[in-house]
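Trainee: One structure coming up, written as structure tokens, with questions to follow.
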Amino acid sequence: MDVTTYDDIYSGFPPPCPDSLQYLNSTVLVLVYIIVFFLSLLGNTVVIFVVFFMKNQRASTDIYLMHLAIADLLFSFTLPFWAAYLHAGYWMFGTVMCKLVSGVQEATFYCCVFLLACISIDRYLAIVKATQFLFRQRHLEGAVCAVVWMCAILLSLPIMVHHEAFVPESMENIYICHENLTADTIEEWRLGLRILHHTLGFFLPLGVMIFCYSFTMWTLCHSHNSQKQKAMRIILCIVLAFVICWLPKNISELLDTLMRGSWITETCKLRDSLDVALHVTEAMAFTHCAINPILYAFIGKKFRNQLLMSLFKKGLLRRETLTKYRVESVYSSASSRQMSVML
């Protein structure tokens, strides 16, 4: 893979220093994208299958989890295109696919982050405020999810409109998939998108999650429910996974934005380090779509029981296996039902 070509693909500008990504192994990143794609495909499909067949047993958070799985699944479908783009060093799918893939990735990114915030609010209301009537209104969750998807699609429209496959002036017969903007507006455009990403795509949802889960954990610490310790561990895993996957990418992009805006002095060493960091942290962030099913579903007793029961009803599981691996239900009381998604 030509190093200069891929740097141009990412930034849209010729690199200020030669050989800026010579030590970056693109094959490793391609393998990461493919592995994440298959893990996300399997995990999120199972989550959708299980929640869909819950029917009347679905809690409010289960609805959000299903939409989150759908968004993660759609997000993962874009990864093979970026893997092929990274491996070949040029975009070979045309302008229509460039707009579609870029738009889908942007929309599902915002959708996933917004749904994570909605789940934290849902758990806060269920455990801290114990707002029972909110969870009995099935149309409320549907309306919230519809608003989330609508906002995500609207936020992705600028990316979809301005992205296209074209050959930059500094390159010959090498198509890239990027914003095709004039030199006078591209920096302002990039700065605006970065601020939007940092604010709506990370810091604001993270603030909502920290606020809601802090009070939720405080309430669980002072409760007498025997499942509180496990619920607290899952809450910590949720927040930590979000921070670990997305914080490095946001820091790298923030530094890159500051450097391009001349707030930080650009040097060859810093440019090279940031070029590598941008690619590596982006791969880390993409793994979040495969981690979500594990955190929100596979470590929960309710989900495992429902998965086993669904397989049994479909004739894919024997009764002996169901009896052996099914965990005794602990959700008979109203208070435990409030935390049933988390456990």
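Trainee: Being polar (S, T, N, Q), touching a Leu at 6+ places or on another chain (Cβ under 8 Å) and either free of Cβ contacts under 8 Å to residues at least 40 places away in the same chain or closer than 14 Å to A290 by Cβ (or both) is the filter here; which residues of the range 37-90 pass it? Break it down into steps so the answer makes sense when it comes.
Mentor: From the range 37-90, those polar (S, T, N, Q) are 40, 44-45, 56-57, 60-61, 76, 78; that's our starting set.
Add one more test, that the residue is touching a Leu at 6+ places or on another chain (Cβ under 8 Å), and what stays is 40, 44-45, 60, 76.
S40, N44, T45, S76 - these are the residues of the range 37-90 that are polar (S, T, N, Q), touching a Leu at 6+ places or on another chain (Cβ under 8 Å) and either free of Cβ contacts under 8 Å to residues at least 40 places away in the same chain or closer than 14 Å to A290 by Cβ (or both).
Trainee: Moving to a separate point now. For the range 249-267, what are the residues that are surrounded by fewer than 17 Cβ atoms within 10 Å (Cβ to Cβ) and either free of Cβ contacts under 8 Å to residues at least 24 places away in the same chain or not acidic (D, E) (or both)? So that I can check it myself, show each step before the final result.
Mentor: Residues of the range 249-267 surrounded by fewer than 17 Cβ atoms within 10 Å (Cβ to Cβ): 251, 254, 258, 261-267.
Answer for the range 249-267, where residues must be surrounded by fewer than 17 Cβ atoms within 10 Å (Cβ to Cβ) and either free of Cβ contacts under 8 Å to residues at least 24 places away in the same chain or not acidic (D, E) (or both): I251, L254, L258, G261, S262, W263, I264, T265, T267.
Trainee: Something else now. Only one of these is modelled with pLDDT under 80, under 19 Å from the mean Cα position of the chain (by Cα) and not aliphatic (A, V, I, L, M): R233, R194. Name it.
Mentor: Details: R233 fails: under 19 Å from the mean Cα position of the chain (by Cα).
When all the criteria are applied, what remains is R194.
Trainee: Which ones in the range 91-118 are surrounded by fewer than 22 Cβ atoms within 10 Å (Cβ to Cβ) and either without any contact (Cβ under 8 Å) to a residue 24 or more places away in the chain or of a type in the set (A, V, I, L, M) (or both)?
Mentor: Once the filter is applied, which keeps residues that are surrounded by fewer than 22 Cβ atoms within 10 Å (Cβ to Cβ) and either without any contact (Cβ under 8 Å) to a residue 24 or more places away in the chain or of a type in the set (A, V, I, L, M) (or both), the range 91-118 yields M92, V96, M97, L100, V104, A117.
Trainee: Based on this model, can you work out whether V32 counts as farther than 30 Å from L125 by Cβ, surrounded by 22 or more Cβ atoms within 10 Å (Cβ to Cβ), at pLDDT 90 or above and touching a helix residue (DSSP H, G or I) at 6+ places or on another chain (Cβ under 8 Å)? Step through it out loud before you land on a result.
Mentor: Details: farther than 30 Å from L125 by Cβ: yes; surrounded by 22 or more Cβ atoms within 10 Å (Cβ to Cβ): no; at pLDDT 90 or above: yes; touching a helix residue (DSSP H, G or I) at 6+ places or on another chain (Cβ under 8 Å): yes.
No: the conditions fail for V32.
The values are calculated or read from the model by the stated rules, or taken from the named source; none is laboratory data. Nothing here was measured: the structure is a model prediction, and the numbers come from that model. Neighbour counts are summed over all protein chains in view; Cβ atoms, including those assigned to glycine, are modelled from backbone coordinates with ideal geometry.
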